[in-house]
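Q: Take this structure first; my questions come after.
Here, each number is a calculation from the coordinates, and none is a lab measurement. From a predicted model like this one, the values you see are computed outputs, not experimental measurements. Every residue, glycine as well, gets a Cβ built from its backbone with ideal geometry; the counts of neighbours run over all protein chains shown.
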Amino acid sequence: MNLILLGPPGAGKGTQATRLERLHGMVQLSTGNMLRAAVAAGTPVGLAAKAVMEAGQLVPDALVEGVLSDHLDDPDARHGFILDGFPRTTTQAHALDAMLAAKGLKLDAVIVLDVNENALVTRIAGRFACGYCGEGYHDQFKLPRAPGRCDVCGHDDFRRRPDDRAETVRTRLAEYHTKTAPILPYYDAQRVVTHVDGMADMDHVAASIEAVLARAKANAVSV
Ligand code: AMP
């Protein structure tokens, strides 16, 4: 199954993508993670993207498309992938179709996580992650069971994203509304979109996503 998870920053795309990866062996293709890795490694892409990301704005389409295209070629992605954070503009949506066609891949579903935006700033500003294994936590909703130790790998090196500050989150939300939300009609026209209540608790959201996967699988068999 090849999926797109769509929704504003803080909607839970990363959390659900990680879960799908663990449960189904699909590959999470997060362009945000790819770009952060490029920034950390000081590659030319990272150098070009750093200031734009810190300002909460979108990195130019051509840069992100190049980064994603390389990862779509990973052999693991042949077992199914979850796009998390891509596409974010109409240009990227068209580029994705061209990339998938060229690689002989197809999209099975687009899942939109609907959220109440008033809750998003709290959700995002409180989040942090294990710097070693990437497990996500939150000041209010999910603290490590043993204070200061990651539940998954036991390391004690936690990180916060520089673009998770409240004022940058507001810019990121504005970018979502002006540039990303307009791609929805494009996928609506392809009849691949399902909306899921992203305000429900994590397990309910996960169950709704599983239902979408089951339906997409059944459709793929009957075609
Ligand atoms: P994310 O981890 O998905 O919230 O992305 C973090 C930041 O990376 C975004 O605010 C953008 O600056 C950049 N970014 C990630 N994916 C894209 C994309 N598809 N297009 C443009 N910029 C992106």
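Q: Within the range 80-97, whose backbone N sits under 20 Å from a point 7 Å along Cα→Cβ of residue 217?
A: Within reach of a label on residue 217, which here means backbone N under 20 Å from a point 7 Å along Cα→Cβ, the range 80-97 contributes 80-83.
Q: Right, another one. Find me the longest stretch of the chain that has none of the exposed trypsin sites (Lys or Arg not before Pro), where exposed means in a DSSP loop (not H, G, I, E or B) with at most 16 other Cβ atoms within 10 Å.
A: 1-105
Q: Still on this structure, I have one more. May I ask you to list the residues of the range 6-47 whose amide nitrogen lies under 18 Å from a point 7 Å from Cα along the Cα→beta-carbon direction of residue 94?
A: No residue passes the distance filter.
Q: Let me ask something else about it. In whole Å, largest first, what are the principal axis extents of the Cα atoms in the range 144-216?
A: 47, 35, 18
Q: Give the whole-number value, in cubic angstrom per residue, of the convex hull volume spanned by the C-alpha atoms of the range 41-161.
A: Hull volume normalised by residue count: 158 Å³.
Q: For 111, 183, what ranking results if the residue with the fewest other Cβ atoms within 10 Å of its Cβ goes first?
A: Going from least to most buried by this count: 183, 111.
Q: Something else now. So how much slack lies between residue 188 and residue 103, counting 0.36 nm per residue of separation and subtracting their Cα-Cα distance, in nm?
A: That pair, residue 188 and residue 103, stretches by 28.3 nm at full extension.
Q: Also, I was wondering about something else. Got the relative contact order for the chain handy, in percent, Cα pairs under 8 Å and 6 or more residues apart?
A: For the chain, the relative contact order is 29 percent.
Q: Using only alpha carbon positions, build the gyration tensor of the range 169-210, then give the equivalent ellipsoid semi-axes as the square roots of 5 times its eigenvalues, largest first, whole angstrom.
A: Working through the eigenvalues yields semi-axes of 22, 18, 5 Å.
Q: Taking other Cβ within 10 Å of each residue's Cβ, how do 180, 18, 168 sort, fewest first?
A: Ascending number of Cβ neighbours within 10 Å: 18, 168, 180.
Q: Continuing with this model, one more query. Please work out the Cα center distance from the range 1-72 to the range 76-94, rounded to the nearest Å.
A: What the calculation gives is 9 Å, centre to centre.
Q: Here is a follow-up. First check a/c for the range 123-178, with a ≥ b ≥ c the square roots of the eigenvalues of its C-alpha gyration tensor; if it is under 1.5, answer rounded, and if not, answer prolate when a/b is larger than b/c or oblate otherwise.
A: Cα axes put the range 123-178 in the prolate bin.
Q: Then there's this: Number of Lys pairs in the chain with C-alpha atoms less than 24 angstrom apart, excluding same-chain neighbours closer than eight positions?
A: So the count of such lysine pairs works out to 9.
Q: So what are the chain's ellipsoid semi-axes, whole angstrom, largest first, if each one is the square root of 5 times an eigenvalue of the alpha-carbon gyration tensor?
A: The three semi-axes for the chain are 26, 21, 18 Å.
Q: Here's another thing I want to ask about it. Using only the alpha carbons of the range 1-69, what is the convex hull's orientation-averaged projected area in square nanometres?
A: Taking a quarter of the hull surface, the average projection is 5.1 nm².
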